[in-house]
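What follows is a single structure, written as structure tokens, with notes after it.
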């Protein structure tokens, strides 16, 4: 079984093609071994680019956190951080549509109460009554000992990538970044329970859902 820091390195390597990745990221008094940002924009014009109908941008701010055993207290502290301090990452540019504040915890094991707390995690912040967009919180926990990934509803797009990199036997290291077939694992989210995962790429990245 890969250790939690090795799994985080795999995840950072997998995201480098899509995200701006940073190791040893320090923010709001905390040190994260991994952090990644994703930015995209879309626009539509009428006949010529001078006649722009609309423009919208989407963003994701992804924090990676390792722990030996994830307790209910530690998870509550991290969720509070995401809903308060991490919110400062959001930049309200004129074209801002949505931002995802994403937390991925990689743990050797979790307390019994953690999966239920993860599934119930909710946070949405509207800016200027939605006129300047909104921010949602994505939460996913990788339980290495149980070979499961727990996620809230917003975090479902993260699950396949996390399971592929955490549980693939002989998955690529951070240096080579090539895909391999993964061993069977089980993923669990707010609406998908006990679904076997097979033949997933070890480096697939789920981009921001627009």
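Of note:
- Listed by Cβ neighbour count within 10 Å, with the fewest neighbours leading, 105, 118, 90, 142 appear as 90, 105, 118, 142.
- The label-point distance for residue 134 and residue 80, in a model that sets each label 7 Å from Cα toward Cβ, rounds to 2.6 nm.
- Residue order, fewest to most beta carbons within 10 Å, for 99, 40, 57, 128: 128, 40, 57, 99
- Label zone at residue 73 (point 7 Å along Cα-to-Cβ), backbone N below 18 Å, the range 100-125: 109-115, 117
- The label-point distance for residue 112 and residue 126, in a model that sets each label 7 Å from Cα toward Cβ, rounds to 4.0 nm.
- Taking 20, 136 and counting other C-beta atoms within 10 Å, the order from fewest to most: 20, 136
- For the range 87-171, a/c is not less than 1.5, where a ≥ b ≥ c are the root eigenvalues of the C-alpha gyration tensor, and a/b tops b/c. That puts it in the prolate class.
- Residues residue 18 and residue 145, FRET efficiency given R0 of 45 Å [Cβ-Cβ distance, rounded to 0.05]: 0.95
Rule-based calculations on the coordinates, nothing more; no lab input. These figures come from a predicted structure and were not determined experimentally. Cβ sites come from the backbone with ideal geometry, for glycine too, and all protein chains shown count toward neighbours.
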